[in-house]
Every structure is written in structure tokens, then in C-alpha cells.
Amino acid sequence: MALCLVTGATGYIGGRLVPELLAAGHDVRCMVRSAGRLRDLPWAPRTEIAEADATDPERTRRALDGVEVAYYLIHTMGATGRFAERDRLAARTFAAAAATAGVRRIVYLGGLTHGEGLSPHLRSRAEVGEIFLRGAVPAVVLRAAVIIGSGSASFEMLRHLTERLPVMTTPRWVRSRTQPIAVRDVLRYLVAWADAPGTVNRGFDIGGPDVLTYADMMRGYAAVAALPPRLIIPVPLLSPRLSSLWVGLVTPVPSGIARPLVESLRNEAVCGEHDIARHVPDPESGLIGFRRAVSLALMKIKEADVATRWSSASTPGAPSDPLPTDPDWAGGSLFVDDRSLAVPASPQALWQVIEGIGGRNGWYSLPVAWQLRGLADLLVGGVGLRRGRRDPARLRVGDSIDFWRVEEVLPGRLLRLRAEMRLPGLAWLELGVTRSGDRTIYTQRAIFHPHGLLGHLYWWAISPFHRLIFGRMPVNVAAAARRAERSSGSPGPAGGGMVDTAREPGARRWRSARRSAPE
């Protein structure tokens, strides 16, 4: 059995590959930029964790020490600007570090690319594959088109377009042929190369048994999901940019991520060979077909058993700075809105509501205002509210909740969310449970670190709305906790009043006791 290093372990494929490698008996080391992102994953205690950025030669080399097989699953999906240059730098750094560390094989998962006129992102994927194939370490480059699995960006885009639009006017790319592959087959191929013999150094096309247009896939999805037949009317006028904006409005996939997906669909993505079967034979039952892959994905979604989602990985361009620590941060201005409320319910009932916040449960205050904020974020290229949640009841560090990212979870005590909407600054929302004698106390803290004059103007412009929205949340959360406790049949402690504190850095502070009725 081999020691395998997995980059991108917080992403969609990496987060599923690690447990598969462990189940196959391999030792696994995960290379991530922040070890905290793996803390709550059930398989994390069985792995080694190395903190490194792929563009850092020394830390990457140390992460690769003793590794036999290295999986490179780093992509810049959705990034703008000089992403191709960053891709090249990271791949070259990783290839050189792997050679120095004596790695036996690099395995890279890229895009299925043939012909000319490739999108910028597909060109970058192809270039990264060539960097590894020309390197000193033998490399296996797997080239896949659309990956069908619960939570994948491609599947979520297909799913929501089909479910929400019974009649669609669609651009020309819906007529391009592609060869989708089930995520289970992708993982089977990846795991197989951990102990495959020989020094293979080449690329392989991987795909399922079906060659379909995107329109075929939408019709196939509708059939599997028992939806009425979809009417698809192709039109030639929608550019990839306009298409991605449309996809961002209709589906949970933001336009920044939808655009490279849409651009890749302009090109036919059909396997030119199936040589991988010489090294990794097809299963006796054959590769998983498109409709079977859709059925398996929908089953996982129905059972709330989605291991990873496209949103598991950090959203490109979203803030990643850690929360400034108290007391007043030395890094600049910090606006804070603090509130607390004695809740007539048990700590367990209150935590149940906090951990279930967002997604279908909403935010317990002015739903229309939250929807408008989500729409505004979509219109400027942000993620909006449509990402929802991976699990309706449980959270772990790194999960996305609408336009927030879970930065910290202390079960029963604290949930800290970092904003990933487009903002002229950084923002966090903390929700907590404490005890004061025999009373359960709900705590809530909204924090904003403005960037420049625009950030300060933004804060003062929206401050009245924030006070209205965040002012209603405690009472409504408390009411929801009380309802949850009543439904469980256990009595809660006596309630109390709310203490509201809001402050700006180095300026006035105010406190007021007040009550308001739940909506």
C-alpha cells in the first residue's frame, strides 16, 4: 500500500477521494492551505495533514516527503484575471517539488479537450496536464468532461436548469456532444492508479458509455426525475457570458463558476480513445450510464447524504481572512453589532435552531430583505443565496450556507460564518449559546471590516437596515427554539429580556433593553 498525497482535499473530488483511498488500505496525507478546513470531516483523524500552498516550493516539498503517489486536484474554476499564469506556476512548483521528494507518480484530473478553439479554462487544464507529462516524475493525466454526481457543479447546473425551466430558449452549446461520466467511475479510476504497476506517463480520456448533447442530458434528467418532458428551443444569440449570467440567476451555481462550465460546453467533449481499460479494466457490469448516474445522485440528495458539494471548495475571489480577534483589532476599523437574549428554551433546542439556520430554514428575519440582498449579490457576480446547505441539520467547518462560509463550529456553543457575498470589506456573523445561572442566553455578533472609503460608506448606508434585520433575529430565533423544544416535549427554562449592544471602533457604545414580537 502507498502513502498518497491529495491536494484539493477540501474540494468536491478530493473530499471524496480521500475516504476511497483509505478504504483501499492506503495511507493518506492531505495538503491544504488551512488545516482547520478538514477538522470536522469524519475521515480527517485517519490522515496526515500538511499545510502548504502549491506555489510555495519549500512547504510543498516538505508535504511531499515520503509520498509515493501525489494527486493534483487543484483548479482555479471561476477565477478571473491571470488565473492561467497562477495555474502554470502552481503546477511547475508542484512537479519540481515532487521530483525532489522522489515521488513515484503524479495523478492529475483535468478536462476532456480535443481540437482547437478551447475556452481559456480548458486551455489552462490542458497546459497543466502537459506540464506534468513533461516533468521528471511519471504522470497520469485523466481527462473528463461533465461529471455526474450529487453536489457537483455540472450536475447542480443541469439539475436546476431542468427542474426550474419547463420551457427553455437555449444557446447553441446545448447541441454540442459530450460524454458524461459518473463520479463513482472517476473515483474508481483515481484510486486504481495508487498502486498500478509500471511507469506510465501519458494522458487518458475517461467517460461513461453515453455520448449526449446537453439538451439530451436535460431531457434524460427530466425522465429520471419524473418531470414532464422539457421543451428546448435553441437560439444562436446567447454568448457564454450572457449564458453564465442566466445560469447564475436560475441555478445555485454563481455566474463566475458557471461561465467556465458554459464555455467548456462550446467544444465537443467526446473520448477519442479508451486505452485506460488496459490498465484499469472496466467493471463486469460496465461503466455507469448517464441515467443511472442521475438516479444515484438524486438518491443521495433525497437521503441528505451528499458527502461533498461544488461549494465545498473556497469560492474564488471570496474573502479568506481569519476573523480579527478581540479586543479592538489593530488591523483597522471594525464595526460590530452585538446582541443577546435570554431564551425560554434549553441550550440544546437553541443550538438546534442555530445549526439549522439558512437554506430552507431561512434567517429568521425579514425574508424579503435577505432575498433582495441575495439577488443584488447575484447581479454583481456573487454567489447569492442559492447555494443552500450541504446538510439540512448538521454543519462542519468549510460548509457553505447561502452566501456564507462556516469558519468555526463549536457544537452546542458557537457558529461563526464568514461572508462570501461581494462586499467592500470583510464580514462575519457569530451565533452562540451560553448559560447565565439557569438561563439560556442567545448571543449574536455581526462584524464588518471595511476596505477603504467605499467600505465605510457601505457600512453607513446599510447600517439602518442591518439594525432592523439583526434586531429581529434574536426574538425569532428564540421563538423557533421554543417551538423546537415544545415539539420534543421537554420544558425549557424561564425567559428574559434582550440586551442590545452595537458599537463602532473607538467611538460611542449604546445599550438598550427592548422587546419585539416575532414576525
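The values are calculated or read from the model by the stated rules, or taken from the named source; none is laboratory data. As the structure is a computational prediction, the values presented were derived from the model and not from experiment. Cβ sites come from the backbone with ideal geometry, for glycine too, and all protein chains shown count toward neighbours. Heads up: the accessible areas ignore ligands, DNA and RNA and are worked out on the full protein's heavy atoms, side chains in. Shrake-Rupley method; radii C 1.70, N 1.55, O 1.52, S 1.80 Å.
Summary of computed values
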| quantity | calculated |
| --- | --- |
| Loop-located trypsin sites (Lys or Arg not before Pro) in the stretch 1-103 whose Cβ has at most 12 other Cβ within 10 Å (DSSP) | R82 |
| Accessible area of the stretch 399-486 belonging to carbon and sulfur atoms, whole % at 1.4 Å probe | 60 percent |
| Residues of the stretch 364-477: accessible area per residue with a 1.4 Å probe, Å² | 40 Å² |
| Size-normalised alpha-carbon gyration radius of the stretch 1-64, reference 2.2 N^0.38 Å | 1.03 |
| The stretch 385-475 shape via C-alpha gyration tensor axes, a/c threshold 1.5 | oblate |
| Computed FRET value (nearest 0.05) for N201 with R278, which takes r as the C-beta separation and R₀ as 22 Å | 0.90 |
| Accessible area of the stretch 1-100 divided out per residue, in Å², using a probe of 1.4 angstrom | 43 Å² |
| Largest-first ellipsoid semi-axes for the stretch 335-494, taking √(5λ) over the Cα gyration tensor eigenvalues, angstrom | 28, 17, 14 |
| Net length gained if the chain between T434 and Q371 were fully extended (0.36 nm per residue, minus Cα distance) | 19.7 nm |
| The stretch 79-220, accessible surface, carbon-and-sulfur percent (1.4 angstrom probe) | 51 percent |
| Cα→Cβ-extended label distance, 7 Å offset, between M299 and R104, nm | 3.4 nm |
